[in-house]
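The values are calculated or read from the model by the stated rules, or taken from the named source; none is laboratory data. From a predicted model like this one, the values you see are computed outputs, not experimental measurements. Every residue, glycine among them, receives a Cβ derived from its backbone with ideal geometry; neighbour counts consider all protein chains shown.
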Amino acid sequence: MRPILVVGATGLLGSEICRLLRASERPVRGLVRPGSPREEFLRRHGVEIVQGDLRDVPSLGRACRGASTVVSTATAIRPRLPGDSIRTVDRLGQRALVDAARRSGVRRFIFTSVSPNLPPTTPFVRYKREIETAVRGSGMAWVIVQPSSFFETSFRPQAGFDVAAGKAAILGSGELPVSWISVRDVARAMAGVATQLAEVSRAYLPLGGPEAASMTEVVQAFERDTGRRFRVFHTPPSLARGMGFLLRHSYPALSSTLGMSAYVANAGDVIERSEVAKVLIPRPVHLRELVHDEVRAVVVERVRRHGQHARVVKAGRGGEIPGAPFRA
């Protein structure tokens with residue numbers, strides 16, 4: 001059986017796809033940068049490692065050789081290494097990958113894009129739409145996955161949402177709904193497309209979570225789970241949009257993040273679950289579970305840093321959890 005190549009295999013989404021594919025006993029090959037700390041995780045799960053980089057075109061040909069399917073999740077929206085940028089990775093690198101896959105005889109290309117609701121008004125979304133066009137015109141069978149915002153990366157201190165401190169920065173009113181989706185569910189869908197729906201081709205797959213919730217509703221869910229009130233700060237979306245415009249040449253990834261956030265703050269981002277999505281994700285992760293998991297992760301990190309002497313507070317469905325970092 002020819003392997004499935006996962007590009008972006010050490011990332012949050014890509015590593016979970018690799019784990020799921022290996023759990024179904026599929027041969028998996030992962031494109032991994034030299035020295036990646038996640039390489040050992042992939043090896044433990046039986047993933048064949050190929051050293052390479054989207055910016056290293058010859059390495060892409062080696063990685064694609066003999067593969068039946070390419071699953072691409074790589075992105076530089078949060079650059080990790082010097083030289084990473086959305087232009088070199090999300091545009092030029094992804095285009096080079098499509099070309100390498102086609103030349104190597106890959107039959108099927110599964111590409112991770114962004115929500116179909118986002119307009120191409122930021123560099124990141126423009127590059128995603130460009131690669132969608134390249135994939136469609138490649139001659140390979142293709143599936144383009146278009147997820148809404150990942151919950152696990154949207155509610156972090158870097159994004160202005162600090163669970164430990166009980167603070168939330170919200171763009172706009174915070175009243176417009178978004179179909180937040182778990183990275184785990186996106187991985188399940190993509191692994192399923194690569195295996196259960198192996199004959200599906202020339203298809204878009206928009207993915208949203210099981211319920212749409214506004215930022216205000218998400219804050220309320222965190223308040224219920226932690227047993228404390230959050231301090232909420234509202235910022236006009238126009239400020240984020242203006243900053244994004246000013247940074248469009250010097251920091252295009254940050255500019256894109258600000259622009260996309262401003263758009264969603266003004267318009268929301270609701271994606272209804274399709275029948276295909278229901279087959280691929282029959283039991284999706286619900287908002288209350290995502291919130292509870294995030295709270296527990298914060299607690300575990302607090303205990304790791306400060307030991308068992310931290311205070312104990314209400315922590316949702318799990319009852320009292322030692323070491324919770326919240327003040328009464």
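For region 1-38, what are the residues that are part of a helix (DSSP H, G or I) and either at pLDDT below 95 or hydroxyl-bearing (Ser, Thr, Tyr) (or both)? Matches in region 1-38: Ser15 only.
Would you point out the residue of region 228-255, among those that are surrounded by 13 or more Cβ atoms within 10 Å (Cβ to Cβ) and charged (D, E, K, R), that is farthest from Asp90 (Cα to Cα)? The extreme case among them is Arg228. Only one of the numbered conditions (1) touching a residue at least 60 places away in the same chain (Cβ under 8 Å); (2) assigned to a helix (DSSP H, G or I); (3) not charged (D, E, K, R) is not met by Gly209, and that is (2). When the test is whether a residue is in contact (Cβ under 8 Å) with a residue 12 or more places away in the chain, within 22 Å of the chain's Cα centre (by Cα) and closer than 30 Å to Ala194 by Cβ, Ala265 does not pass it.
May I ask you to verify whether Ala74 is of a type outside the set (Val, Ile, Thr) and part of a loop (DSSP other than H, G, I, E, B)? So Ala74 passes the test. Evaluate the following for Val299: is it in a loop (DSSP other than H, G, I, E, B) and modelled with pLDDT of 50 or more? No; evaluated as a whole, the condition is false for this residue.
Taken over region 132-172, residues that are part of a helix (DSSP H, G or I) and touching a strand residue (DSSP E or B) at 6+ places or on another chain (Cβ under 7 Å) amount to 4.
Criterion applied to Leu54, Leu60, Leu92 was being out of contact with any helix residue (DSSP H, G or I) (no Cβ under 8 Å at 6 or more places or on another chain) and among the aliphatic types (A, V, I, L, M), and the one residue passing it is Leu92. Considering region 212-237, the residues that are assigned to a loop (DSSP other than H, G, I, E, B) and of a type in the set (Lys, Arg) include one that is modelled with the lowest pLDDT, namely Arg228. Every test in (1) in a loop (DSSP other than H, G, I, E, B); (2) within 21 Å of Ser256 (Cβ to Cβ) is passed by Ala67 save one, and that test is (2). What number of residues within region 238-273 are among the hydrophobic types (A, V, I, L, M, F, W, C), part of a helix (DSSP H, G or I) and out of contact with any Gly (no Cβ under 6 Å at 6 or more places or on another chain)? Summing the residues that are among the hydrophobic types (A, V, I, L, M, F, W, C), part of a helix (DSSP H, G or I) and out of contact with any Gly (no Cβ under 6 Å at 6 or more places or on another chain) in region 238-273 gives 11.
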